[in-house]
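Enquirer: There's a structure below that I have some questions on.
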Amino acid sequence: MKQLIIVRHAKSSWKYDVIDHQRPLKNRGRNDALLVSSEFKYYNLKPEIIFSSDAERAKKTAEIFKKVLEIEDSLFLLKPELYDFGGIELLKFIKSIPEDLNFIMIFGHNHAITAFVNEFGNKYTENVPTSGLTMIEFDIDSWSQLKKGKTVMSIYPKDLK
């Protein structure tokens, strides 16, 4: 059994004149990430490792979750290949995760996140919102065998307000 928690980065700001990769979070984004991570903590589930896109908005979202979930710094890894919008690199990355890791958390970007959740989960969502979290369980022994799984949880900011 493999478990994946996949999170779309929090709401980012377009206020600053920076390249897309460097866009920071808005205050609303920080608050929503805190809200969702605090709700997730309630379930007492702790991933073995966190992988995040190295884009500023994804990294900062992941850092909020890491702090709330009390994940060690050594279990938090930035992965440039997760700066992916189409989903091809996201899928390649997940299929390459070492098989000794069974419960992982990934922070990334849309359209890739929504496409993945709909292709590999068993519940359709129109759009995973910013700070949206989805947990999917897979009846597989290795990530390279990835196939459709079971969506066991979705936590969206709007449902907590």
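The values are calculated or read from the model by the stated rules, or taken from the named source; none is laboratory data. Because the structure is predicted, anything quoted here is derived from the model rather than measured. Cβ coordinates were reconstructed from backbone atoms using ideal geometry, including for glycine residues, and neighbour counts include every protein chain displayed. We work out accessible area using only protein heavy atoms, side chains counted, and drop any ligands, DNA or RNA first. Shrake-Rupley method; radii C 1.70, N 1.55, O 1.52, S 1.80 Å.
Enquirer: Tell me, what % of the accessible area of the stretch 1-158 is carbon and sulfur with a 1.4 angstrom probe?
Expert: So the carbon and sulfur contribution to the accessible surface is 50 percent.
Enquirer: Something else about it: Would you mind getting the accessible area per residue of the chain, heavy atoms of the protein chains only, 1.4 Å probe, in Å²?
Expert: Averaged over the residues of the chain, the accessible area is 51 Å².
Enquirer: Moving on to the next point. Sort 25-32, 94-101 for me by packing, meaning the mean count of neighbouring Cβ atoms within 10 Å per residue, highest on top.
Expert: Ranking, from highest mean packing down: 25-32, 94-101.
Enquirer: Here is a follow-up. For Cα pairs less than 8 Å apart in space and 6+ apart in sequence, what is the mean separation divided by the residue count of the stretch 1-103, i.e. the relative contact order in percent?
Expert: Reported as a whole number, the value is 31 percent.
Enquirer: With a ≥ b ≥ c taken as the square roots of the eigenvalues of the C-alpha gyration tensor of the stretch 119-158, please select rounded if a/c is under 1.5 and otherwise prolate if a/b is larger than b/c or oblate if it is not?
Expert: Prolate, because a/c is 1.5 or more and a/b exceeds b/c.
Enquirer: Of the listed values [x] 1.08; [y] 0.95; [z] 1.23, grab the one calculated as Cα Rg over 2.2 N^0.38 Å from the structure here.
Expert: From the options [x] 1.08; [y] 0.95; [z] 1.23, the structure gives [y].
Enquirer: Stretched out fully, how many nm does the piece from MET1 to LYS41 gain, at 0.36 nm a residue minus the Cα gap?
Expert: Once the chain is fully extended between MET1 and LYS41, it gains 12.3 nm.
Enquirer: Work through the residues other than PHE103 whose Cβ is under 13 Å from its Cβ and net out their charges, Lys, Arg +1 and Asp, Glu -1.
Expert: Numbers: positive: LYS2, LYS46; negative: GLU48, GLU99, ASP100, GLU137.
Net charge in that neighbourhood comes out at -2.
Enquirer: What ranking do 58-64, 80-86 get when scored by the average of other Cβ atoms within 10 Å per residue, highest first?
Expert: Working: 58-64: 23.3, 80-86: 16.3.
Packing order, densest peptide first, comes out as 58-64, 80-86.
Enquirer: Run the helix sum for the chain: -39,500 (n - 2.57) per DSSP H stretch of 4+ residues, divided by residue count, reported at 222 nm to the nearest 500 deg cm²/dmol.
Expert: Using -39500 (n - 2.57) per qualifying helix, the result is -9000 deg cm²/dmol.
Enquirer: Something else about it: How many nm separate the modelled label positions at GLU70 and ASN127, each set 7 Å beyond the Cα in the direction of the Cβ?
Expert: Computed distance between label sites GLU70 and ASN127 equals 3.7 nm.
Enquirer: Next up: Express the relative contact order of the stretch 43-161 as a whole percentage, based on alpha carbon pairs under 8 Å and six or more residues apart in sequence. Could you put the intermediate results ahead of the total?
Expert: Numbers: 185 pairs, mean separation 28.3, N = 119.
Across the stretch 43-161, relative contact order equals 24 percent.
Enquirer: Considering only DSSP beta bridges with both partners in the chain, what is the antiparallel share in %, to the nearest 5?
Expert: Around 50 percent of the beta bridges assigned by DSSP in the chain are antiparallel ones.
Enquirer: Select from ASN122, ASN44, ASN102 the residue whose mean-square fluctuation is largest in a Gaussian network model of the chain (Cα-Cα springs shorter than 10 Å).
Expert: Most flexible of the set in this elastic network: ASN44.
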